[in-house]
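What follows is a set of notes on a single structure, which appears directly below.
The values are calculated or read from the model by the stated rules, or taken from the named source; none is laboratory data. Small disclaimer: the values here were computed from a predicted structure and weren't measured. All Cβ positions, even for glycine, are placed from backbone atoms using ideal geometry, and neighbour counts span all protein chains on display.
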């Protein structure tokens, strides 16, 4: 059973003091025995010079101390010893005073043993003599205190570390680790006065209804400000199956029709006053270490496996499929045994993720991705991360139906927001029916890099840059699909600077972040990018300002301001204010 050094610190000091007292008494007893016993035979063989030196030392030796001097010295030693024990928290001041008074009474009542003269050699250190009853008094007073303190500290540590017998906790609970978080948000969405109205189609609503003419209002809100309270609650469980295999599951608020947002709008007295709980994550993970190479495998619905920002991927987006990451430690080649060696490695991550499985077609929609990157720590402990990724969407574009046929309706996306170039794939004579699909292919080249400068420790300055380009955009193919010439707007970038603590963990921790984002119409798939900036989608640019402050341990406040405008589309300016109180466990 392990007891930490910090628990025993005070007790060790007391023990050392008692040991010194014991050694002091032993040393004096030995000197007395030597003084009373016969002389060392070797001393009779000393030469005359040695005898003269001994005589001179005996002449220079000060006279023996009187009883009053001895009593005064012992009292001073007791006072110093007791004061040390009080300062270390072993005794309180009242108890030390009571103990000193009791020992002084015995000191004056009992005779002191004969004290030998001080050593002749000035290099020999004399230890003050402490009577046996003084040592016994202090030891008897301190030992119960030490025993109780040690027992209490061990019980506290046992409770924190969950010591126990194997049968006390069921085996299936000993391998489980629970975590979660709750976030309460107040959000205001404010629209610019000059915004275009009845222009931006709500493609998701129109496709779900079956056409523009089949909805009461097919357009997005661009003029009426909106204020909401929102909640996000997540509960996660990690199960250690073996040293290399783990299982993870997480449930969260939200709904099954939104692939990104896990927020629940707070309302009262309507049909949605009970929250849905959906499986946000459920996957297996394998981790293996082979020399300087580590391998990770994921399978199921997993968190984002890439180095990324919210330029391409929303922070709450889950990935269904399988991924693998191979990491090679470069520094280990030169100093494999160095525990303080900087972390320097290169990695490659690849994954395949089904987007939509179609029963009557072989053209299932997939996302394939690969990223080559590095994590490089400098001698000054600055952290540099970079990842160059390629994301390929297969069979994601729409295909026009034949006349009065719906066999190709599956080519329309299951989820869309706003921004991407869309076209109607319905081909019938009914003007009220519509089904919109993506016009462009999406093959994304994405470069992400960040640098953490810890020179202002405990504060950090973190600079992050992200750039993406859709190299799959083809004007000729889009013309063939839609009959319309579409100008390529296929680039996006973001620059972010953060100053403050790396993590908001306790009261007083803070971080300030500022970012500028520019995301063109067909740079990324609008359904998977940040759902807060510009209220989701693409064709937007603007600023993001954020302040975080620790309210208490694992509880913090976040104030966030997002201001954006459309780049090429009709005028659309959106300002969003979010005030969050978050707690995790």
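Brief remarks on what is shown
- Residues that are touching a residue at least 40 places away in the same chain (Cβ under 8 Å) and not in a strand (DSSP E or B) within region 364-406 comprise 380, 381, 382, 396, 397, 398, 399, 400, listed in sequence order.
- Per this entry, residue 204 is counted among residues that are outside any loop (DSSP other than H, G, I, E, B), within 23 Å of residue 419 (Cβ to Cβ) and in the same structural domain as residue 532 (by TED's automatic domain parsing).
- Restricting attention to region 483-525, the residues that are part of a loop (DSSP other than H, G, I, E, B) and closer than 16 Å to residue 445 by Cα add up to 9.
- Only listed residue being assigned by TED's automatic domain parsing to the domain that holds residue 466, buried (at least 16 other Cβ atoms within 10 Å of the Cβ) and over 26 Å from the mean Cα position of the chain (by Cα), chosen from 402, 411, 349, 374: 411
- Matching residues in region 515-546 - criterion: being out of contact with any strand residue (DSSP E or B) (no Cβ under 7 Å at 6 or more places or on another chain) and farther than 18 Å from residue 200 by Cβ: 528
- Test: residue 458 is assigned to a loop (DSSP other than H, G, I, E, B), in the same structural domain as residue 526 (by TED's automatic domain parsing) and at pLDDT below 95: yes
- Some residue of region 479-498 being in the same structural domain as residue 544 (by TED's automatic domain parsing) and at positive phi: yes
- So residue 539, is it under 27 Å from residue 225 (Cα atoms), touching a residue at least 24 places away in the same chain (Cβ under 8 Å), in the same structural domain as residue 315 (by TED's automatic domain parsing) and within 23 Å of the chain's Cα centre (by Cα): no
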